[in-house]
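The values are calculated or read from the model by the stated rules, or taken from the named source; none is laboratory data. Remember, it's a predicted structure, so these values are computed and weren't measured experimentally. We place every Cβ from the backbone using ideal geometry, glycine too, and count neighbours over all the protein chains shown.
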Amino acid sequence: MDDPVLLTGAGGAVGAAILEGIGDAYEWKLMFHSPPAEEPDHDYLVGDVSSEDDVGAAMDGVGAVVHLAGDPRPEAPWDSVLSNNIDGTQKMYEAAVAEGVEKFVFASSNHAVGAFETDERTPEMYRTADDYRLDGTELPRPGNLYGVSKATGEVLGRYYHDEHDISVCNIRIGNLTRGHPPIDYERGQAMWLSYRDCAHIHECALEADYGFEIVYGISDNDRKYYSIERAKDVLGYDPQDNSAHFDGDERVAEPDA
Ligand SMILES: NC(=O)C1=CN([C@@H]2O[C@H](COP(=O)(O)OP(=O)(O)OC[C@H]3O[C@@H](n4cnc5c(N)ncnc54)[C@H](O)[C@@H]3O)[C@@H](O)[C@H]2O)C=CC1
Ligand SMILES: O=C1O[C@H](COP(=O)(O)O)[C@@H](O)[C@H](O)[C@H]1O
């Protein structure tokens, strides 16, 4: 991708992982919701994704979008996800097709499919011996309104891809934590996404050729109930980290050479 890449939600955790990992690889245009505390190393603007004017200004001159901005809380109320996540994402797509953007990478979530974690399946599905897998071909099955908003973001991508031919990659991000996997949290360990794997999967999504994709964004954890095969096959994703390589916050094994 030679053209500038718009990164919304640049001030958040996922934005930090991306910029720390692949900040030098692209000409970024960052969008913050409020003025950043420190002067960023990249071109930036401040705006709200639910404002047509702000989104239009953000999209000006970019060739690809990584859309992270939104309310990330699993318990977020409807008013918030309706405005920040659903309306914001629709405005982003509308502006992207008007600008002729090639690729749109959308931060979807494990919560788009959270209700597959039924009482009968858990906690066994979080464990290494269990072979239950979701692979991205299943219908969404959200367990909260935040998950509904993420599933809706995926469907908006389907529509804008089919109607306007924009390439769309929905990454159902698991649980991003810095340094080590969540401690004493089996579900979080099964869907851990390390910072470097987070940056890498987003780089893959910016570089690969595809039409419309839904992939899972987790590290190569021994415990897993999300398949990462589609991300490997279509995007060339090659994750380095594995929650099984940690004992609490301490790394006890190195990635395979
Ligand atoms: N951190 C994680 O483990 C996961 C994150 N995600 C998704 O990834 C995205 C980023 O998440 P995080 O970085 O963790 O959240 P975060 O809260 O750290 O960052 C989100 C950013 O979006 C901005 N924002 C919120 N509403 C906005 C609006 N209306 N206009 C412009 N900016 C707005 C916020 O100011 C914030 O800087 C979210 O869409 C979230 O749903 C999905 C799955 C897991
Ligand atoms: O989508 C998201 O998922 C992660 C993991 O979910 P959790 O229920 O195990 O915490 C969450 O931490 C993050 O805030 C959210 O945006």
(request) Return the only residue of 87, 71, 135 being away from ligand 1 (no atom under 11 Å from the Cβ) and of a type outside the set (Val, Ile, Thr). (result) 135
(request) Collect the residues in the range 11-49 that are more than 16 Å from ligand 2 (Cβ to nearest atom), of a type in the set (A, V, I, L, M) and under 24 Å from residue 197 (Cα atoms), keeping them in residue-number order. (result) 19, 22, 25, 30, 31
(message) Return the residues of the range 221-235 that are more than 16 Å from the chain's Cα centre (by Cα) and under 16 Å from residue 196 (Cα atoms); say none if nothing qualifies.
(response) 221
(request) For residues that are assigned to a strand (DSSP E or B) and in contact (Cβ under 8 Å) with a residue 24 or more places away in the chain, tally how many sit in the range 230-257. (result) 3
(message) List pairs: first residue in the range 133-157 and in a loop (DSSP other than H, G, I, E, B), second residue among the polar types (S, T, N, Q) anywhere in the structure, Cβ distance under 7 angstrom, at least six positions apart or on different chains.
(response) 133/227; 135/227
(request) Could you tell me whether the range 205-225 includes any residue that is in a helix (DSSP H, G or I), closer than 28 Å to residue 129 by Cβ and within 15 Å of ligand 1 (Cβ to nearest atom)? (result) no
(request) Residue by residue through the range 22-61, note down the ones that are touching a residue at least 40 places away in the same chain (Cβ under 8 Å) and in a loop (DSSP other than H, G, I, E, B). (result) 25, 26, 48, 49, 50, 51, 61
(request) Go through 136, 153 for me and flag whichever is touching a helix residue (DSSP H, G or I) at 6+ places or on another chain (Cβ under 7 Å), at positive phi, modelled with pLDDT of 95 or more and buried (at least 19 other Cβ atoms within 10 Å of the Cβ). (result) 136
(message) For the range 93-116: of the residues being outside any helix (DSSP H, G or I), of a type outside the set (Phe, Trp, Tyr) and within 15 Å of ligand 1 (Cβ to nearest atom), which is nearest to residue 198 (Cα to Cα)?
(response) 107
(request) Just need a number here: residues in the range 165-193 that are within 11 Å of ligand 1 (Cβ to nearest atom) and either within 13 Å of the chain's Cα centre (by Cα) or β-branched (Val, Ile, Thr) (or both). (result) 11
(request) Return the only residue of 76, 64 being surrounded by 21 or more Cβ atoms within 10 Å (Cβ to Cβ) and either under 20 Å from the mean Cα position of the chain (by Cα) or touching a residue at least 40 places away in the same chain (Cβ under 8 Å) (or both). (result) 64
